[in-house]
Amino acid sequence: MAEWTFPKGDLMAGKRGLVMGVANQNSIAWGISQQLAAQGAEMAFTYQGEALERRVRPLIESIGMDTMISADVTNDEEMDAAFATLKEKWGKIDFLVHAIAFAGKDELQGSMVANTTREGFRRAMDISVFSFIDACRRASEMMPDGGSIINMTYLGSERVIPSYNVMGVAKAGLEASTRYAARDLGTQGIRVNAISAGPMRTLALMGIKGSKSLMSTGREWSLLKEDTTMEGVAGAALYLLSPIGQSITGEVLHVDAGFHVVGVPEPSEEG
Ligand code: NAD
């Protein structure tokens, strides 16, 4: 398992929340969960289908948590049941982490124009965008004292990234949804933000053709000349979810070693 170290403290003491999207020990949601636990948060987890249960349970038990609820985000009955279970358990929550996306392998390669089918588009938008809007609605109903919500996005929403294709279109929708949700929920004291992470070695990244080159270019062109770290992403999540992130909403925070501001890479030795 990757060795990450997260600062301990009590920034999230007394706070309870739902984390959606832990699939295995490399998941971004898992890194974020470990950081939140190290700062005193209590969490429940939804996971996609029974097959993942065996992988996810030992992880969450290792940070002293035990609430796992099966919820495929495309299934309204499962989502109803998941939030009903959560309501019964805690009554209210303080935060939500949405780290879920999907597009078919055929869509994540070659030409967007040629490879995006109606069904593939519908599925990518449903799982990667509508599920966030739906989760915002459900979670906000359990946040009478205000709260904080985050999702995970990627630069493919703003720039053209080879093979990212329909997922870039979905991430643009996710970021727009972040701003509209921030508007709708702002008067309830609920902040809504997105983290735009650089490429990280997870299952989702491996589904994209040319993922190795995304990683190496991400490192080589970045201002810090390094990979995006789980510690950096989890730290940004902690910042946005905890009281130190107060006054921040509707934001897309880039955590990518500075890659997103680069226009042209440094010239080679030959100039
Ligand atoms: P991951 O594969 O570990 O996580 C993706 C999660 O989505 C999994 O837990 C999977 O079970 C869940 N999911 C997919 N379809 C679902 C469905 N129908 N119902 C419920 N859950 C479903 O990969 P990850 O990289 O940790 O991805 C988490 C988020 O981070 C995604 O939104 C992804 O786009 C985003 N992101 C990833 C990177 C990267 O380089 N890995 C960079 C920026 C943003």
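Given H placed 1.01 Å from N in the peptide plane, which residues other than close sequence neighbours of residue 93 have an amide H under 5 Å from its amide H?
Amide H neighbours of residue 93: 143.
Give me the compactness ratio for the stretch 136-271, meaning the Cα radius of gyration over 2.2 N^0.38 Å.
Relative to the rule-of-thumb radius for its length, the stretch 136-271 sits at 1.16.
Roughly speaking, what is the centre-to-centre gap between the stretch 134-180 and the stretch 189-248 when only Cα atoms are used, to the nearest Å?
14 Å
Report the net charge of residues surrounding residue 163, where surrounding means a beta-carbon distance below 12 angstrom and charges are Lys +1, Arg +1, Asp -1, Glu -1. Before the final figure, lay out the partial values.
On the way: positive: 105, 209, 212; negative: 106, 107.
After counting each charged neighbour, the total is +1.
Order these peptides, 190-202, 129-141, by their mean beta-carbon neighbour count within 10 angstrom, highest first.
Answer by packing, highest mean first, reads 190-202, 129-141.
To one decimal place, what Kirkwood hydrodynamic radius in Å is obtained for the stretch 36-126 from all pairs of distinct Cα atoms?
15.5 Å
Just to check I understand the Karplus step: with θ = phi - 60° and J = 6.51 cos²θ - 1.76 cosθ + 1.60, what whole-Hz values come out for the stretch 256-267, glycine and proline as x?
Those phi angles translate into 8, 6, x, 4, 5, 9, 7, x, 9, x, 4, x Hz.
Using only the Cα atoms, what convex hull volume per residue in Å³ does the stretch 16-259 have?
In the stretch 16-259, the Cα convex hull volume per residue is 117 Å³.
How much length is gained on full extension from residue 55 to residue 90, taking 0.36 nm per residue of separation minus their Cα-Cα distance?
Details: separation 35, 0.36 × 35 = 12.60 nm, distance 2.49 nm.
Net length gain for the segment: 10.1 nm.
Just how large is the dipole of the chain about the Cα centre, in debye to the nearest 20, putting +1 at every Lys and Arg Cβ and -1 at every Asp and Glu Cβ?
Dipole magnitude for the chain comes out near 140 debye.
Determine the relative contact order of the stretch 16-259: mean sequence separation of Cα pairs under 8 Å and six or more apart, normalised by residue count, in whole percent.
20 percent
For residue 87, go through the lysines and keep the ones whose alpha-carbon is under 27 Å away, minus same-chain ones fewer than eight residues off.
The qualifying lysines are 15.
Starting from the amide H of residue 147, placed 1.01 Å from N in the peptide plane, find each other amide H under 5 Å away whose residue is 5 or more places distant or on another chain.
The list, which skips near neighbours in sequence, is 190, 191.
So which GluC sites (Glu not before Pro) in the stretch 198-254 end up in coil per DSSP with only 11 or fewer other C-beta atoms within 10 Å?
Answer in residue order: no site qualifies.
Of the accessible area of the chain, with the probe set at 1.4 angstrom, what percent is carbon plus sulfur? Provide the component values of the computation, followed by the final result.
Working: 6820 of 12890 Å².
C and S atoms contribute 53 percent here.
I want to check the label-to-label distance for residue 24 and residue 122. Put each point 7 Å from Cα in the C-beta direction and report it in nm to one decimal.
Placing both labels 7 Å beyond Cα along the Cβ direction yields 3.0 nm.
Would you calculate the convex hull of the Cα atoms in the stretch 1-46 and tell me its volume per residue in Å³?
It is 57 Å³ per residue.
List the residues whose amide H sits under 5 Å from the amide H of residue 196, counting only those 5 or more places along or on another chain, with H placed 1.01 Å from N in the peptide plane.
Residues meeting the criterion, in which the H sits 1.01 Å from N, are 153, 253, 254, 255.
What are the extents of the Cα atoms of the stretch 106-178 along their three principal axes, in Å, largest first?
Taking the Cα atoms of the stretch 106-178, the three principal extents are 47, 24, 14 Å.
Hey, what's the stretch 16-259 come to in accessible area per residue, 1.4 Å probe, Å²?
Working: 10560 Å² over 244 residues.
With all protein chains present, the stretch 16-259 gives 43 Å² per residue.
The values are calculated or read from the model by the stated rules, or taken from the named source; none is laboratory data. All values derive from a computational prediction rather than experimental measurement. Note that each Cβ is placed from the backbone with ideal geometry, even for glycine, and that neighbours are counted across all protein chains shown. Accessible surface areas use protein heavy atoms only, side chains included; no ligands, DNA or RNA. Shrake-Rupley method; radii C 1.70, N 1.55, O 1.52, S 1.80 Å.
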